[in-house]
Each structure stands twice: as C-alpha cells, then as structure tokens.
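A short write-up of the structure that comes next.
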Amino acid sequence: MNVKQLTTRLMQAIIVLLGISLMTFMLTYLAPGDPVRTMYAASGVMPDKETLEKTREAMGLNEPFMIQYFKWLSSSLQGDFGTSYSMNKPVASILMSRIGPTLWLAFFSLILMLLISVPAGLLAAVRQNRFTDYFVRGISFLGLSIPNFWVGLLLVYFVAFKLGLFPVVSMGAGIDKMVLPAVTLAFAMSAKYTRQVRAAVLEELNQDYVNGARSRGLKEKTILIRHVFPNALLPLITLIGLSLGSLLGGTAVVEVIFSYPGLGSLAVSAITAYDYPLIQAYVLWIAFLYMLINLIVDLSYGFLDPRIREGRKIYEKNA
Amino acid sequence: MKRMLDFVRLHKQFAILSALVFLLILTAVSAPLWIKISPYDSNLKDAFLPPGGEHLFGTDKLGRDVFSRVIYGSRISLTSSLLLTISVLFLGTVLGITAGYFGGVIDTVVMRIADMLISFPGMVLAIAVAGIMGASTMNAVIAILIVSWTKYARLARSLVLKIRHKDYIYAALTTGSKNLYILKKYMLPNVMPTLIVTAASDIGTMMLELAGLSFLGFGAKPPLAEWGLMLNEGRIYMMDYPWLMIYPGFAICIVVVIFNLLGDSLRDILDPRNKTK
C-alpha cells in the first residue's frame, strides 16, 4: 500500500466511523426508555416531575437531534464519552477497564483456534477424500451447527461443575479463568477456519509449482512445509483479521455465560439498563478496533507477500 | 411422477434431507394435535421434576413440561428463521438489483451503506439494535435483517452488472421495454438461483443468531416457548437440573444440522462450479 492508497483507506475509515456514530446515536435517540429515570433509578431515589424535567434540560436532552449529536461527537473526539447513567462513572474509564480482558480473551482464543484448525485443515487437505478428511470435515460441520452458547453451557456444567477443573464463574484475572471461555469461542471458529485452511491448501496443491517440485524429486513433506504452506498462509491472514473482528462482537454471549468481565458483558448490561452513553461509546470503540485490525491486516500483506512487495518497488522506480 | 422418482434417485441425499425438513415442519404444525400438555400450563407443585414418566424431558421452574416446550419451540424457531431468511433475501435482492441496474446515485447510496455495515462486526450492531428496540421475536428478526441484507445486495448487484450491458438488454430498451419489465424479465431470473442457494445455506446460521439474541434476553420474551430463551431461563438452575439446558440445546443443534446439510446439498446440485471438482 502506498501513501495515496493509505490516505484513501483512512478517509474511508473515518467516513464509516462517522456513519456508525450517527446511526447508533439515532438508535439511542429513538429508543424507548427514559435515560433520566434510569439515572435516578440507579441512585435509588425517584424525584418529582419538575426535577426530572430540570435534569433533562441540564443534560441537554431537550435540544434538537443534530445539536445533541454534534455536541456528543465533539466531546467524544476529545476522549470524553460522557457519564454512564447506570454506573455513574465516566464512560471512558469503564470502557478502558473492560477492553483489556476482552482483548486477552480474543487473543487467547485466536491462538487456540490456530493450534486446532491449521493442523486439522492441513491434514484434511493432504488426505483429501480419505477417512481423515471426512472425519475432520464432519467434526467441523458439527462445530458450525452447534450454538456456541450451548457449548459454553455444556462446558460449564461438565468441565467446571462436574469435574471441577476450572472455576464456574470467570471473575477476576488469571489464565485458568480464561480457559473455558476461550475454548468455547475457539470451538465454533476452528470449525470455520479448518474448512478454509483445507480449501486454501487444496488450491495451492493444484498449482503447477507443486508438480514441478515433485518432479524434481522433493519430499512431500518438504513441498508441503516449505512451498505450499507459506503460500496458503496469505489468504488465511485476512481471515484472521476478520475473525478477530467478529470475535470482538461474538464474545458477548460467551462473556455473559462465564460472567467474564469484558466489553461484551458490559454491553449487554448497558443495553438492559438503557445506558445510552455507554452503548454509544461501546459500538464506536468496537468499530474503531475492527477497522484498525483490518487496516493492519491489509498493511501486513505488503510485508508478507513478495509479489506485492517487489511489485511496489518496480512501480515506485517507474513512477 | 417418473421424473420425480429419477430426481430422487439422482440426488438421494437431497431427497432424504427434504423429507427430514418436511417432517420437522409437520411436527411443528401438528404439535397441538398430539401434545396433550400445554407448554404454558404451569403448576408450581410439579416444578423441577426430572425427566421420565409423564414428563419425558422433565419440568422447569414453573412446572411447565419441557418436552412440550421444546416441540412448541420448533414452531417459533422455524417461522422466525424462515421469515428472517425470506426478508433478507427479498430486501437484499431488491436493493442489489436496483443499485446494479440503475447505477448512479442509487448505487452509490446503497453500496456505501452496505460498505458501512460490512466494515463492522454484525453481531454487535444486531445486539445493540435488538436491545434498544426492546425484547421481542420480531425486533430480533429486524435487527438481524438490518445487518445481513448487505451480503445479498452485493451478490445481486454483481450478478446484475454482469448482464447489464449485454446486447439483449439494450435491444429490450430500444424496443421500448419499461425498466420494471426488464428488471422482472431479465434481471430477476438471472440472480435468483444463486441467491436462493445462498439463502438456503444461511437458514441454519440465521436460526443460531436468533437463538443467540434470545439467549441474551434480546429476543423472545417470557413465557414464550423459544429455545434460546429456554436456555437463558434454565441457565441459572442448570447445576441442579441439567435437563433444562440439555434438551433445548439439542433441539437447536438437530434442526440447524438438518438445515445446514440441506443447504450444502442444494448447493451441490445447483452450483455448476462444484460439478467439475
């Protein structure tokens, strides 16, 4: 990616973020539920109508939509996402405390997923249409059809409760509390990923250079590890980026099951409590992270793929 | 009749799966006829009865029969996910075809909105939309519709663009065919097969997403007999009464497996690219 492409990408990202922020703001604006009441309900007192109206005025909730939006946007850009209605703390600090655990969980389950799906996909591709292949494909098909929240519940019941291997509730820090949530997340993802690894490797195995390598008498193992695998890896990196992004959204269900103190469970409780500033900031943060990850993935192509790298050198020389 | 038999012989897997889907639908539709215990009859005296005897799958915290609730749950799951799939298919196709055919401003607006939705994890938005609009099966369907139509619109648009500038389209235009007629006569038949196959293989995923929203409490509302909601309600008690969690989960899996298999085999039959492999 050269400078021009990078600028276009950044511009696009900014437009998308603006669009997303407008959309979530509109959603919360149109939503039922009275934030002022929610706020007072959290503090335990319900004042009379007049005080409610005054608070509403003071919070700027009576102003026209666009003015509210721009006020919120300008303070958000300065890092001030407002105050949470239900927890009475600045939204930014609540989010900051939850982002870490979710990123760790996402990272951990991603590693787990790679450890499962790369060998499985490779094996299935090499043994195409034989027992191993059918076995791997069968398991990954099941993985795609089982709801991940049910997998989570089964793990809680059998592994945590019956066998007592891991804590039932994943509050607090510590790797042992991350194992079951990560396994749950990795389960469904590996199913999808194994299929893609298999397809990518099969695609490469059909290329001419593999025949060339074979005719030169190279060992199958060498061909697979030195030639096929690095080539198959490239499309998979895009997918890692995408799955990291969907992980950020998909952790919600799993975090709720294991009471894991991450962004997802925060979002669910924020929505249940009509805590609009928190919801808006959450959606915006996830959008931002997601786009950042995709940008990094796109940039990494340039470093990883010699075809793109060398191509750019030639392009720059001629330009 | 003979042609049908030939088709069945040629595509055994597809025939068996269609029969299974038919059986599922039949079970769901005929539930009131053969299930004697109502899924909403609560009797606190019978709360948390283990499976067996009169209550095949046991009873829940209100003494409601879990078997009856699981079977009735199929009615909600099947209708809502079919409704969702058809709406996504419809909305995506209409927007995609119009964007591709007319181009210009319509195309830009539709595709920029689609880009925006795609560059964002869908489930996050679905949770936010469903949660903010309030919990109900319909709102969950709308929430997933909002985040899922883009895939179909992009597909429909790309298929339309392939034939948009063919001679026969220009011939139709020169001979005075109306746009609407061209859309119906040439564009729609061209995109439908691919889109229907995509939709068929997405039913399972849609079902899982709907159940996921209900599980979080942003879908079906109590006392509705819905699988995701049943898992949500049973979660608190599952340490002591695991059957509250086992059976509804099994039900989801079985139905999703059947629909996923059906989608795969439909693709094998209709997708010409797979034949060469």
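None of the figures in this text is laboratory data; all of them are computed from the coordinates on show. As the structure is a computational prediction, the values presented were derived from the model and not from experiment. Methodologically, a virtual Cβ is constructed for each residue, glycine included, from the backbone with ideal geometry; neighbour enumeration extends over all protein chains shown.
Tabulated results
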| quantity | calculated |
| --- | --- |
| Distance in nm between pseudo-label sites at A:A58 and B:T175 (7 Å out along the Cβ direction from Cα) | 7.4 nm |
| Aspartates and glutamates with Cα under 19 Å of A:K89, excluding same-chain neighbours fewer than 8 positions away | A:D34, A:D80, A:D275 |
| Estimated FRET transfer efficiency (A:F141, A:K49; beta-carbon r; R0 56 Å; 0.05) | 0.45 |
| Candidate lysines for bridging to B:K185, where Cα separation is under 20 Å - those fewer than 8 sequence places away on the same chain excluded | B:K162, B:K166 |
| Virtual spin-label span in nm between A:T7 and A:D298, 7 Å along Cα→Cβ | 1.5 nm |
| Those aspartates and glutamates that a straight Cα-Cα span of less than 20 Å connects to B:K178, excepting residues fewer than 8 apart in one chain | B:D107, B:D167 |
| Global geometry of the protein assembly as shown, whether rounded, prolate or oblate, following the gyration tensor of its Cα atoms and the 1.5 cut on a/c | rounded |
| Neighbour-limited loop hits for chymotrypsin sites (Phe, Trp or Tyr not before Pro), region A:90-131 (at most 13 other Cβ within 10 Å; DSSP other than H, G, I, E, B) | none |
| Burial ordering of A:V197, B:V8, fewest other beta-carbon atoms within 10 Å first | B:V8, A:V197 |
| Rounded if a/c under 1.5, otherwise prolate or oblate - region A:97-270, Cα gyration tensor axes | prolate |
| Per DSSP, loop GluC sites (Glu not before Pro) in region A:174-245 with at most 16 further Cβ within 10 Å | none |
| Environment charge of A:F166, counting only residues whose C-beta is closer than 10 Å and scoring Lys/Arg +1, Asp/Glu -1 | 0 |
| Residues A:V253, A:V169, sorted so that the one with the fewest Cβ neighbours within 10 Å comes first | A:V169, A:V253 |
| Residues B:S148, B:S158 arranged by fewest to most Cβ contacts within 10 Å | B:S158, B:S148 |
